[in-house]
Structure formats: structure tokens, C-alpha cells
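Comments concern the structure below.
The values are calculated or read from the model by the stated rules, or taken from the named source; none is laboratory data. Remember, predicted model here, so these are calculated numbers, not experimental data. Glycine gets a Cβ as well: all are built from the backbone with ideal geometry, and neighbour counts include every protein chain shown. To get the accessible areas, we keep the full protein, side chains included, count just its heavy atoms, and leave off ligands, DNA and RNA. Shrake-Rupley method; radii C 1.70, N 1.55, O 1.52, S 1.80 Å.
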Amino acid sequence: MIFEIVVVGPLAVNCFILGDASAGEGIIVDPGDDAEKILAAVKRLGVQVRYVINTHGHFDHVGGNRQVLEATGAQLLIHKDDSPYLSRAADVATMYGVATENSPPADRFLADGMVIGFGSHEMHVLHTPGHTPGGCCLYLAAEGKVITGDTLFAEGVGRTDFPGSSHEALMHGIRTKLMALPDSTLAYPGHGPSTTIGHEKRYNPYIHP
């Protein structure tokens, strides 16, 4: 399976390009900025993008949606509880001194337990609210990988000091859904380095005080 990370934007968001090399199709997760860089990687990898998926609706994860969608003809997927963020991205970014643009509306909504296929690969949606109401993680069971967005970081968790955030909900999702995955599962956050579920069980101070 193609699995490439492109770090984008002033907040260094991990954008993921996943693909099935045999089928020549794939998905993009969190194209937050630098659409040209993302599209250049897609061209080099030779995949037709079926879906653009946002793990959540914060501006640094959705700012490149429009350009990527227009260039690829892909469908946009986000959880319905985060869909209102898409049309407010530019205004919120300005509050942080960052310029970005609003996203087009979603074509489909993510839901807990939903399975997204590309080529011969499958991705399972895990709804893990807390950082945002519609935050989701994306689990590739056959590959032993999970994309955790801003829910779980290496020895950290997502911020919950935003309107609509909930630390209690965040920790419930992490403990019941992410920590239930095999210890060997590689976890890829929305920012920063990858980790493993086993490492976080042992060393994450929020999970194991």
C-alpha cells in the first residue's frame, strides 16, 4: 500500500496520501495547505484520488480542500458534526494570524464504523469526539496503522480548550477505541512524529498518569 506523509502549512500538519498501486486509486487525508505540494506527490505516486477526508474541521486541516478537490474530482468526507467548520475556516485562521480559505461542503459524511475502500484496501472510521465534536480516526487494520488526527499525539492528546471541545469525551474515545487496538499498531497523528498504541499505553501521561 502507498502511504506517504506530506507536511503542510505553517502549523506543520501531516497530510496523508494513501493508495493502492495496483488499482491506481487512493485517498488524501487532511490537505490543510500547500495544495501544489500535495498534488505533485499524487502525480508522482500515480494515483487517482477518490476521496479527500478531513479527520476534523479545523482550518489547518481543511485549508487545501478546494484546490485538491478541483484538481482531482474527488469527493469530500467529514463527520457531520464538524461540517459547519468548513465554511468558517478563513475567519478562524485570521484569528491565529494565518491566511487560508474556506472549504467546499462535504459530499458525504463520515460515521463511526463506516468502511471506506480504495482499491483492495479498507479503512475503518472511528468517531473520537473531544478535540472537536466530529473528530475521527482512520484505522487500517490490515496494515496495522491508524491515523489519529488531533485526537492522539506521541505522548500527548488533542487540545480541548476550544468551543465544542470536551476533555472527558476525548479521553473516553481514546481509551475505548484507540487503546483497544493492538499494541503494535502504528499511530500517525495530525502533527508531529508517529508512535505506537503500545507506547502510548505505557508512556502517555494523559492515559497512564
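With a 1.4 Å probe and all protein chains left in place, how much of the accessible area of the chain comes from carbon and sulfur atoms, in whole percent?
Carbon and sulfur together cover 53 percent of it.
Which residue fluctuates the most in the chain, going by a Gaussian network model with Cα springs under 10 Å, if the choices are Glu143, Glu101, Glu25?
Evaluated over the chain, the most mobile residue of the options is Glu143.
In a GNM of the chain with a 10 Å cut-off on Cα contacts, which of Leu11, Leu140, Leu39 has the highest mean-square fluctuation?
Comparing Leu11, Leu140, Leu39 in a Gaussian network model of the chain, the most mobile one is Leu11.
When all C-alpha to C-alpha distances in the stretch 20-123 are sorted into bins of 10 Å, what percent of pairs does each bin hold, rounded to whole numbers?
Final binned percentages: 16, 47, 30, 7, 0.
Based on DSSP, what percent of beta bridges with both residues in the stretch 1-134 are antiparallel, to the nearest 5?
60
Could you estimate the translational diffusion coefficient of the stretch 115-179 from the Stokes-Einstein equation, with Rh from the Kirkwood formula over C-alpha pairs, at 10 °C and 1.306 mPa s, in whole µm²/s?
The calculation lands on 131 µm²/s.
How large is the accessible surface per residue of the chain, computed with a 1.4 Å probe and reported in Å² as a whole number?
Per-residue accessible area for the chain comes out at 42 Å².
Please report the orientation-averaged projected area of the chain, defined via the convex hull of its C-alpha atoms, in nm².
With the hull built on Cα positions only, its mean projection is 10.2 nm².
Based on the Cβ-Cβ distance from Tyr203 to Phe3, what FRET efficiency comes out when R0 is 25 Å, to the nearest 0.05?
Calculated transfer efficiency: 0.55.
Enter the Cα centre distance for the pair the stretch 1-77 and the stretch 168-205, rounded to the nearest angstrom.
One Cα centre to the other: 23 Å.
Percent antiparallel among DSSP beta bridges with both residues in the stretch 74-209, to the nearest 5?
For the stretch 74-209, the DSSP antiparallel bridge percentage is about 70.
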